[in-house]
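Q: Would you mind keeping the following structure in view while I ask a few things?
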Amino acid sequence: MKRFLISMLPVLAIVSSCGDASKDLPVPAEPLEECIYLGEKTVFSVWAPGAEAAQVRLYRSGADGSAFKIVNMEKAKGGLWKAEVGEDICGTFYTFTVRREGKWLEETAGIAAKAVGVNGLRGAVVDWSRTNPEGWERDKSPEVEPSDIIVYEMHHRDFTAHKSSGNPHPGKFLALTARGTVNPEGLSTGIDHLRELGVTCVQLLPSTDYATIDEAALDCPQYNWGYDPQNYNAPEGSYSTNPFDPYSRIREFKQMVQSLHEAGFKVILDVVYNHTFSASKSGFERTVPGYFYRFNEDGSFANGSGCGNETASEKGMFRKFMTESLQWWMTEYHIDGFRFDLMAIHDIATMNYISERLHAISPDVILYGEGWAAMAPAYPAEKLSFKDNVAQLDRIGAFSDNIRDALRGPLDCSNAGFVGGIEGNVPNVIFGLVGGVSHPDSSVPAWAAEPLQHVSYASCHDDHCLRDRFEIAAPEASEAERIRMVKLAQTAVLVSQGLPFLYNGEEVYRSKQGHKNTYNMPDQVNAIDWNLKSRYKDLFDYCAALCAIRHAHHGFCLTDGTSVAEKVSFLKVDNPCAVAFSINSLEGIDSAKSLVVLLNGSKEPVKVDIPHGSYVVLCSDAEASVDGLGAYTGSMISADPISATILAQAE
Ligand code: CA
């Protein structure tokens, strides 16, 4: 999410009466394929049980002109209507129309269009054998061990639109195929920057077709995060070089995935099945009105998304649609994982069904989402994928607002949290450090069954970036102190047992000029100025060192809750804004026998007793190195104000 404030609202389930159309509609046994191009013929299908008639209209253009052919469809099994066009119509476009109660509903590209024309208004008949870039058949996801997962959340325009990125395809899918790009001072940008940083998974903000960018007017400056979904199975056109050509967005999306895979990154897609940009204009309402959404008792659209509607994942056909859509992105586009927007709108049973189906395609698929909704969904809360129900989810995680708010302060920016020296945050920092699982030293009730179900983070696209936040929440601090605060927050994220997640540009001290909800603000606000990498090179180097330390020390990712409870032990600290812990008995897991960490958010130096031993100092006084800053033998760990210390005990 997006344009509304996210918060954990009290969940009052409004049980919907739902429309009559929701009851017992037939669901087809075979996958929903709305357009199958077979050369000499094309087969069209639309799911419209209860309709009186259905037609497919063929067009020469993706947006203009009138239909050159209208074909009546015939009723088939499972609520489907089908039509066959017995000639080669590759390169044409299509819409469906459905008649109900004597009235033809408005045209739609359907609910599952995989290729579309400009602005996604019409489906496109394409020859899929022509959509693959060279070498696509050899494309393979890189192997990334669970302990090496570090997610980097990215918006296409944020990451490459600024001229300082030196990218030949600014803001496009193809930007992520460019290698050797640098900022004006010669420091790497783009993919090379990510490799230098050491993240392993790129999470793309919504990259499937969304509504609010006019793809026909890309010469005009436009920006949107993309949480306004339109066609779920087609890439967004504004990120392609030619949104009028249906092949462009498909092929270039695949080129991007191929390039990221070759560079060693898994690709995670941010998916927004919880609502559609418009209900009335959606394929859902234009084929089976009243079925795919939840409704209030007065018949109005329920609005758990805060965006005007909420989808009904519990309905058989929505579940099938969502599952097949995700399968499509995995099989056709080689996507490695999904981040579910407002996941709490989706029911647990559907999410677990999806997890089972997607793990059958790849046992390594990465699944997590927002365990909250914008407003109370119209479905019983105990059946929904709220954060508190995550332990019932099968291999699906959730973002931890526990560690996020504890580290950086509350949503209202009234203080800068643990890293700002604010007392009272230690319990939720500890909770995050153990990956949200049950632990004898954690007083916050566990909601994760396994630590990788807990997404550890200090910031994401929502709300302020860390620099802006600390400028507001800690106005008395110097810039040097605020950079130490950023470093300390990201250190906590990267030494946590959960799944670590970084927001693009925090590593170069990005600013969004004090803006919080920048979902539609121009590039001048959102695009990362890569000159900052030169100016804040020390911060970048620190973040890269922390990533390297995590990769080198698997003790920071024990992957199961039992090991976390057994091996992580918190040490007594005489300061209300400091946390110290050791990770022990790491033989066979880590090159170190044990790891010791002290996080000090206070303005005072802190000292903590530790077992006597010989240690390598990996991090101290806002500096870090995977090779070690020096050696230490003794029985004490100390940390300067607003800093972390990490020690690795030698064998
Ligand atoms: Ca679009």
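Laboratory data are not the source of any read-out in this text; all were calculated from the coordinates shown. Predicted model, so just to flag it, every value in this text is computed and none were measured. When we count neighbours, we look across all protein chains shown, and the Cβ atoms used for this are built from the backbone with ideal geometry, even at glycine.
Q: Using the charge dipole of the chain (Lys, Arg: +1 at Cβ; Asp, Glu: -1 at Cβ; taken about the Cα centre), state which of T200, N72, L174 has its Cα farthest towards the positive end.
A: N72
Q: Skipping prolines and chain starts, which residues have an amide H placed within reach, meaning under 5 Å, of the one on S400, given they are 5 or more residues away or on another chain?
A: V455, Y457
Q: Run through all the Cα pairs of segment 111-170 and give the fraction in each 10 Å bin from 0, expressed as whole percent.
A: All Cα pairs considered, the percentages come to 15, 20, 43, 22, 1.
Q: Return the long-range amide H neighbours of Q203 (sequence gap of 5 or more, or a different chain), with a cut-off of under 5 Å between placed amide H atoms.
A: Amide H neighbours of Q203, under 5 Å, 5+ apart: Y152, E153, M154, I268.
Q: Loop-only check: which GluC sites (Glu not before Pro) in segment 113-178 are DSSP coil with at most 16 other Cβ within 10 angstrom? Please report the intermediate quantities before stating the final value.
A: Working: sites: E134, E137, E143, E153; in loops: E134, E143.
Those that pass, being in a loop and sparsely packed, are E134, E143.
Q: Could you calculate the FRET efficiency of S414 with E356 from 1/(1 + (r/R0)^6), where r is the beta carbon distance between them and R0 is 60 Å, rounded to 0.05?
A: Efficiency computed from Cβ-Cβ geometry: 0.90.
Q: Continuing with the same structure: Give the dimensionless ratio obtained when the Cα radius of gyration of segment 434-533 is divided by 2.2 N^0.38 Å. Display every interim value, and only then the final one.
A: Working: Rg = 15.5 Å, N = 100, 2.2 N^0.38 = 12.7 Å.
Normalised by 2.2 N^0.38 Å, the Cα Rg of segment 434-533 equals 1.23.
Q: Test of understanding: extend the Cα→C-beta vector of D219 to 7 Å, then name every residue of segment 506-543 with backbone N under 14 Å from that spot.
A: Under 14 Å, as judged by backbone N against the label point of D219, lies no residue of segment 506-543.
Q: Find how many whole Å separate the alpha carbon centroid of segment 295-355 from the alpha carbon centroid of segment 165-216.
A: After rounding, the separation between the Cα centres reads 28 Å.
Q: While we're here: In the chain, with Lys and Arg counted as +1 and Asp and Glu as -1 at Cβ, which of these residues, N242, V568, V365, has the Cα nearest the positive end of the dipole, that is, farthest along it?
A: N242
Q: Can you compute the charge dipole magnitude of the chain about its Cα centre, using +1 on each Lys and Arg Cβ and -1 on each Asp and Glu Cβ, nothing else charged? Give it in debye, rounded to the nearest 20. Intermediate values should be presented prior to the final figure.
A: Working: 57 positive and 84 negative charges, 184 e Å.
So the magnitude is around 880 debye.
Q: Oh, and also: Could you compute how fast segment 224-382 diffuses translationally, taking Rh as the Kirkwood radius over C-alpha pairs and applying Stokes-Einstein at 10 °C with viscosity 1.306 mPa s? Give it in µm² per second.
A: Working: Rh = 16.5 Å.
Translational diffusion coefficient: 96 µm²/s.
Q: Moving to a separate point now. For a quick protection proxy, order the peptides 633-644, 202-213 by their average other-Cβ count within 10 Å, most packed first.
A: On the way: 633-644: 18.4, 202-213: 23.2.
Answer by packing, highest mean first, reads 202-213, 633-644.
Q: Sequence gap at least 6, Cα distance under 8 Å: using those rules, report the relative contact order of the chain to the nearest whole percent. Each step should come with its number before you reach the end.
A: Working: 1643 pairs, mean separation 80.3, N = 651.
After rounding, I find 12 percent.
Q: A further question on this structure: Taking the highest mean first, how do the peptides 68-75, 124-131, 538-545 order by number of other beta carbon atoms within 10 angstrom per residue?
A: Working: 68-75: 13.8, 124-131: 16.4, 538-545: 19.6.
Going by the mean number of other Cβ atoms within 10 Å, highest first, we get 538-545, 124-131, 68-75.
Q: Filter the GluC sites (Glu not before Pro) in segment 431-537 down to the DSSP loop ones having no more than 15 other Cβ atoms within 10 Å, then list what survives.
A: Here the sparse-neighbourhood loop sites are E476.
Q: By what distance, in whole Å, do the Cα atoms of segment 528-651 stretch along each of the three principal axes, largest value first?
A: 45, 32, 28
Q: Moving to a separate point now. Taking the Cβ of R395 as the center, what net charge do the other residues with Cβ under 15 Å away carry, scoring Lys and Arg +1 and Asp and Glu -1? Show your work: numbers first, answer last.
A: Numbers: positive: R339, R357; negative: D336, E356, D364, D394, E450, D560.
The answer is -4.
Q: What spacing in nm lies between the two simple spin-label points modelled at S61 and H612, each 7 Å away from Cα in the Cβ direction?
A: 8.5 nm
Q: Considering the dipole of the chain built from charges on the beta carbon (Lys and Arg +1, Asp and Glu -1) around the Cα centre, which of Q230, F386, S325 is farthest to its positive end?
A: So the residue furthest toward the plus end is Q230.
Q: Too long at a 25 Å Cα-Cα cut-off: which of K163/K537; K254/K487; K512/K533; K114/K315; K41/K315? Mind dumping the intermediate values first?
A: On the way: K163/K537 19 Å; K254/K487 35 Å; K512/K533 15 Å; K114/K315 22 Å; K41/K315 33 Å.
Where the Cα-Cα span goes over 25 Å, the pairs concerned are K254/K487; K41/K315.
Q: So if I take the alpha carbon set of segment 456-590, get Rg, then get Rh from the Kirkwood formula, what is the Rg over Rh ratio?
A: Working: Rg = 17.0 Å, Rh = 16.6 Å.
Taking Rh as the inverse mean 1/r over Cα pairs, Rg/Rh reads 1.02.
Q: Please give the charge dipole size of segment 328-431, origin at the Cα centre, charges +1 on K and R Cβ atoms and -1 on D and E Cβ atoms. Round to the nearest 20 debye.
A: In debye, rounded to 20, segment 328-431 gives about 60.
Q: From the phi angles alone, apply the Karplus equation (6.51, -1.76, 1.60; θ = phi - 60°) to segment 225-240 and give each ³J(HN,Hα) in whole Hz, x where the residue is Gly or Pro.
A: Once rounded to whole Hz, the list reads 5, x, 8, 9, x, 10, 10, 6, 9, 10, x, 6, x, 5, 8, 9.
Q: Continuing with this model, one more query. As an exercise, find the ratio Rg/Rh for segment 290-352 from alpha-carbon atoms, using the Kirkwood inverse-distance average for Rh.
A: Rounded to two decimals, Rg over Rh is 1.02.
Q: A further question follows. P(r) for the chain, please, calculated from all Cα pair distances in 10 Å bins and given in %.
A: In whole percents, the pair-distance histogram is 3, 16, 26, 25, 16, 8, 4, 1, 0.
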